Number of protein chains: 2
Amino acid sequence: MDSTQAIFDELKAQLKSRDPKKFKEAFLDLHKYDQGRFFGELSDEERRLVYKYLSPDELADAFDEIDDEPDLIAEYLDEMTPKYAAALLNGMFADNEADILGAVRHDKLHKLLSYMQPVDAARVRQLLKYEERTAGALMTTEFVSVAADATVGSAMNQVKQEAQYAETISYIYVVNESNQLIGVISVKDLIVNPDDTFIKRIMNTNVVSVLDDEDQVEIATQVRDYNFIAIPVVDDRNKMLGIITVDDIIDVIDEESAQDYSRLAGVNTEDLSDNPWSAIKSRMPWLITMLFLGLISAVVISQFQTILDRFGVLAVFITLITGTAGNAGTQSLAVAIRRLANDEDSEGTVKLIFNEVLTGIITGILTGLVIFAVVLFWQKNMVLGIVIGAAMCGAIFIANLVGSLIPVIIEKLGMDPAVVSGPFISTISDITSILIYFNIATICLIHFT
Amino acid sequence: MDSTQAIFDELKAQLKSRDPKKFKEAFLDLHKYDQGRFFGELSDEERRLVYKYLSPDELADAFDEIDDEPDLIAEYLDEMTPKYAAALLNGMFADNEADILGAVRHDKLHKLLSYMQPVDAARVRQLLKYEERTAGALMTTEFVSVAADATVGSAMNQVKQEAQYAETISYIYVVNESNQLIGVISVKDLIVNPDDTFIKRIMNTNVVSVLDDEDQVEIATQVRDYNFIAIPVVDDRNKMLGIITVDDIIDVIDEESAQDYSRLAGVNTEDLSDNPWSAIKSRMPWLITMLFLGLISAVVISQFQTILDRFGVLAVFITLITGTAGNAGTQSLAVAIRRLANDEDSEGTVKLIFNEVLTGIITGILTGLVIFAVVLFWQKNMVLGIVIGAAMCGAIFIANLVGSLIPVIIEKLGMDPAVVSGPFISTISDITSILIYFNIATICLIHFT
């Protein structure tokens, strides 16, 4: 990493000394990921020099690599002439081009499209129509396709010509006259088979494809399970539209797991801005919502003020019971969300809830016994021990039920169960735990003391 | 998925009717991922027929796909003759072969190795030495390498011969006489360049590689950032040892994010067994540990029994304060863990804690003001409102400090900050919140009422 920084510093020096030739040579020598990183470090003034020293095509690779920040790129585009910007976008892969154009202002979009070839502009407009997180939004249109009655030799010639524009040549797709996907061959097949072999003789007709409106999570699962480098996207008549490459699938997997993680904590962990104000703005609504939900627990406790006044020691164990049950409920929630993501049949759902409830009963009884012994030893009060032990047991059981049942219900309603956050479950579990605790306390302490 | 199940059923029927030829043909037509899934569904008896009908090489692909369950495969190996098992392992990719052999019993291992060619056995022994989660443990040894003074034509011939054994031919690695890695070309480069071009003229000498003892998380980051299909592994003298392919990197990313998720919830969400006893066994230690830590909160409250007896209403707000602060602390924890994973300089660490503390102060003040207003309106008691509001503010501030500081300290100690679990932070935050609440209450209520 340090050596890369040294190269970056040298590149900046070349910009400063206004040396276009040396700069261009050294810049194009970088891996395109590093080109992107380097570009991101530049000042306004340095960027303007880069636009002067590099052609749009030469800069396009770098822009392909900073595609995860379309808003930022939209700002860069404002710094260029519309002609340069349009040519730059044209040099990028279609999926990234569409991501960026999705982020530019409407008037700017029209201007940029007007500088493109009509056919390119039409293709981009088409890609812009797809909903986010679908195959259509992820796919790129740069793939190599051949006819079934082509030979290996002619296919190889075609690959030679198209390779530099294709995002991957690991797979070559076989289509019929109507552009329908009928098979696939790998570049390995092209290399090992004699030139006069017909493609239809060696193609695999058992080709896995996804529909253009398919959800990105389903696609990621298929690519991961089948170890694909790319997966073809077709429309509802099986016409070949594009491909999704494994690097974009990795981004999907990262995005989805980061989202699940964020939701479990009730906070957007992906907002990496260093500005505490944006953190406050994103966390406050959630904290205040949980505060008002949590107020229910306060109202419930206030209903038991009489018994609290008589047995002040009850207050001592409130936090222990709600905290332990909250931990158990969060465990159930996390297990339920992962299970629901991995396995979708409804038999599994019933089994899931059954297991969580059984786990809740057993862990509840065991934890209850432990705390009973502790309270007995500490407070020398058998009835109090029984109250705390029984309350702990019941609170854990209900927390497990709540933690597993709520995500299942959310899924049955057709939503993603991962929207149920950890704080939500622990706040609900606080309320149920207190209800159980004070009801058991009322019954036992009033009647047996 | 349903059509695949139909094919599986047909295959089973062919096994039942003892039709080796039809079975073999239909089985080999499946994608190897489906071959692996199909094999996993078979009964003992059916598997024995498969060993009879398929050669070890024909079954090897299926076994490459069920590599995530080495213990299960070790059991399958016990069903085969050692000769068949050794040949099957030989037909698998070296990384998977080593994973499985790492799971078989010691006596069995020696027997299997004795059936292999000495050179293969030596290679496997070498791979078995690498520590888990390092490049060496992930890599496979099936790659294509060429000399720098070879031509494109001769390299292409070599690829033709080795392609069927290589795990990927997307990259061809260039090595010198001492087998040191000096460059890389893509299969694209081979295809588009004329046959008489020298490899050294077109190779990229700026090749990114990893050391054999490098941690898998670092490798995953590089593959993701650079969008590699594979990354070469070298020893400390830059000798080429193997490659890690992107499909294994996806498994690493999945494994790591599942681990982070599990830790945030304080539960192993990856244990997908349907047995509630294993769930209980894995959750109990954690629940009991947190129970005893939580007992501190009970002890603390018991120290304030006098003021609780005088102002019973204080008990009403315990859960609200600890719950809200716990939510805030979990938010800070999740943000801190993600930040520390993404960014490693110590300047960032200071900034992280500063931001979390500032966020804690502001969200604490705002939440405190809201709850002050609620309590004032509900309990008609200004002093109580001030106590609850101030305690809420202080508890949130400290929870944010604890949630961000503890993972930072853990990282400074050289450990993975993700080991800090959500339940741990919320239990600690319970204790600090109670201390703050009752101290503020003591000061205000004793002096101002």
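The values are calculated or read from the model by the stated rules, or taken from the named source; none is laboratory data. Here the structure is a predicted model, which is why all the values come from computation and not from measurement. Note that each Cβ is placed from the backbone with ideal geometry, even for glycine, and that neighbours are counted across all protein chains shown. What goes into the accessible areas is simple: the full protein's heavy atoms, side chains included, and nothing from ligands, DNA or RNA. Shrake-Rupley method; radii C 1.70, N 1.55, O 1.52, S 1.80 Å.
Tell me the residue from B:Asp107, B:Asp68, B:Asp149 that is assigned by TED's automatic domain parsing to the domain that holds B:Pro56 and either over 17 Å from B:Ile244 (Cα atoms) or open to solvent by less than 80 Å² (accessible area, probe 1.4 Å) (or both), please.
Just a single option satisfies the conditions, and that option is B:Asp107.
Please go through region B:13-35 and give me each residue that is touching a residue at least 24 places away in the same chain (Cβ under 8 Å), within 19 Å of B:Lys52 (Cβ to Cβ) and touching a helix residue (DSSP H, G or I) at 6+ places or on another chain (Cβ under 7 Å), ordered by number.
Within region B:13-35, B:Leu15, B:Pro20, B:Phe23, B:Lys24, B:Phe27, B:Leu28, B:Gln35 qualify.
Is it the case that A:Thr269 is at the interface with chain B (Cβ under 8 Å from one of its Cβ atoms), among the β-branched types (Val, Ile, Thr) and not in a helix (DSSP H, G or I)?
Yes.
Please verify whether B:Ala122 is surrounded by fewer than 15 Cβ atoms within 10 Å (Cβ to Cβ) and without any contact (Cβ under 8 Å) to a residue 40 or more places away in the chain, treating the condition exactly as stated.
In short, yes.
So which of A:Arg263, A:Arg283 ends up being facing chain B (nearest Cβ under 7 Å), charged (D, E, K, R) and surrounded by 17 or more Cβ atoms within 10 Å (Cβ to Cβ)?
Exactly one residue qualifies, and that residue is A:Arg283.
Tell me yes or no: at least one residue of region A:413-426 is polar (S, T, N, Q), assigned by TED's automatic domain parsing to the domain that holds A:Val316 and within 37 Å of the chain's Cα centre (by Cα).
Yes, there is a match, as at least one residue in region A:413-426 is polar (S, T, N, Q), assigned by TED's automatic domain parsing to the domain that holds A:Val316 and within 37 Å of the chain's Cα centre (by Cα).
Taking the conditions exactly as written (over 28 Å from B:Ile66 (Cβ atoms) and outside the structural domain of A:Ala60 (by TED's automatic domain parsing)), does A:Met203 satisfy them or not?
Here the answer is no, as A:Met203 does not meet what is asked.
What's the total number of residues in region A:221-252 that are open to solvent by 10 Å² or more (accessible area, probe 1.4 Å) and part of a helix (DSSP H, G or I)?
Looking only at that region, the number is 8.
So which of A:Tyr130, A:Tyr173 ends up being out of contact with any Asp or Glu (no Cβ under 6 Å at 6 or more places or on another chain), touching a residue at least 60 places away in the same chain (Cβ under 8 Å) and open to solvent by less than 20 Å² (accessible area, probe 1.4 Å)?
A:Tyr173
Can you pull out every residue in region B:164-188 that is within 9 Å of chain A (Cβ to nearest Cβ) and not hydroxyl-bearing (Ser, Thr, Tyr)?
Within region B:164-188, B:Gln164, B:Ala166, B:Ile169, B:Val187, B:Lys188 qualify.
Could you list, ordered by first residue, the pairs with Cβ atoms under 7 Å in which the first is in region A:230-246 and over 11 Å from A:Asn179 (Cα atoms) and outside the structural domain of A:Glu214 (by TED's automatic domain parsing) and the second is open to solvent by less than 10 Å² (accessible area, probe 1.4 Å) and assigned to a strand (DSSP E or B), at least 6 apart or interchain?
As it stands, the answer is none, since no pair meets every condition given.
How many of the residues in region A:71-97 are open to solvent by 10 Å² or more (accessible area, probe 1.4 Å) and either among the aliphatic types (A, V, I, L, M) or assigned to a loop (DSSP other than H, G, I, E, B) (or both)?
Adding up the residues that qualify gives 6.
Please verify whether B:Ile371 is open to solvent by less than 40 Å² (accessible area, probe 1.4 Å) and β-branched (Val, Ile, Thr), treating the condition exactly as stated.
Yes: the conditions hold for B:Ile371.
Hey, could you check region B:116-163 for residues that are in contact with a Phe, Trp or Tyr (Cβ under 9 Å, 6 or more places away or on another chain) and hydroxyl-bearing (Ser, Thr, Tyr) and say which is farthest from the other protein chains (Cβ to nearest Cβ)?
B:Thr141
Which condition number in (1) surrounded by fewer than 21 Cβ atoms within 10 Å (Cβ to Cβ); (2) in contact with a Lys or Arg (Cβ under 7 Å, 6 or more places away or on another chain); (3) within 13 Å of chain A (Cβ to nearest Cβ); (4) of a type outside the set (Asp, Glu) is the one that B:Ala418 fails?
(1)
Being modelled with pLDDT of 95 or more, open to solvent by 10 Å² or more (accessible area, probe 1.4 Å) and farther than 19 Å from B:Trp286 by Cα narrows it down to one residue among B:Ile396, B:Ile436; which is it?
The unique qualifying residue is B:Ile436.
Condition first: open to solvent by 60 Å² or more (accessible area, probe 1.4 Å) and out of contact with any Asp or Glu (no Cβ under 7 Å at 6 or more places or on another chain). Now tell me which residues in region B:183-205 satisfy that.
Listed by number, the residues that qualify are B:Val192, B:Pro194, B:Asp195, B:Asp196, B:Arg201, B:Asn204, B:Thr205.
Looking at region B:314-332, which of its residues are within 7 Å of chain A (Cβ to nearest Cβ) and of a type in the set (A, V, I, L, M, F, W, C)?
B:Ala315, B:Val316, B:Phe317, B:Ile318, B:Leu320, B:Ala328
Kindly indicate the residue of region A:206-220 that is of a type in the set (S, T, N, Q) and within 30 Å of A:Met415 (Cβ to Cβ) and also surrounded by the most Cβ atoms within 10 Å (Cβ to Cβ) among those meeting that condition.
A:Gln216
I'm told A:Gln305 meets every condition in (1) facing chain B (nearest Cβ under 7 Å); (2) buried (at least 23 other Cβ atoms within 10 Å of the Cβ); (3) modelled with pLDDT of 90 or more; (4) farther than 30 Å from A:Ile219 by Cβ except one. Can you identify the failing condition by its number?
(2)
So which residues in region B:383-415 are hydrophobic (A, V, I, L, M, F, W, C) and free of Cβ contacts under 8 Å to residues at least 24 places away in the same chain, if there are any at all?
B:Ile409, B:Ile410, B:Leu413, B:Met415
Hey, could you check region A:1-60 for residues that are within 14 Å of chain B (Cβ to nearest Cβ) and outside any helix (DSSP H, G or I) and say which is most open to solvent (accessible area, probe 1.4 Å)?
Filtering first and then ranking leaves A:Met1.
Which residues, taken from region A:356-382, are facing chain B (nearest Cβ under 10 Å) and free of Cβ contacts under 8 Å to residues at least 12 places away in the same chain?
A:Leu358, A:Ile362, A:Leu366, A:Val370, A:Val374, A:Trp378
Restricting to region A:110-151, give me the number of residues that are touching a Gly at 6+ places or on another chain (Cβ under 9 Å), aliphatic (A, V, I, L, M) and not in a helix (DSSP H, G or I).
The qualifying residues number 2.
Within region B:439-449, restricting attention to residues that are of a type in the set (Val, Ile, Thr) and without any contact (Cβ under 8 Å) to a residue 60 or more places away in the chain, which residue is most open to solvent (accessible area, probe 1.4 Å)?
Once the filter is applied, the top-ranked residue is B:Ile443.
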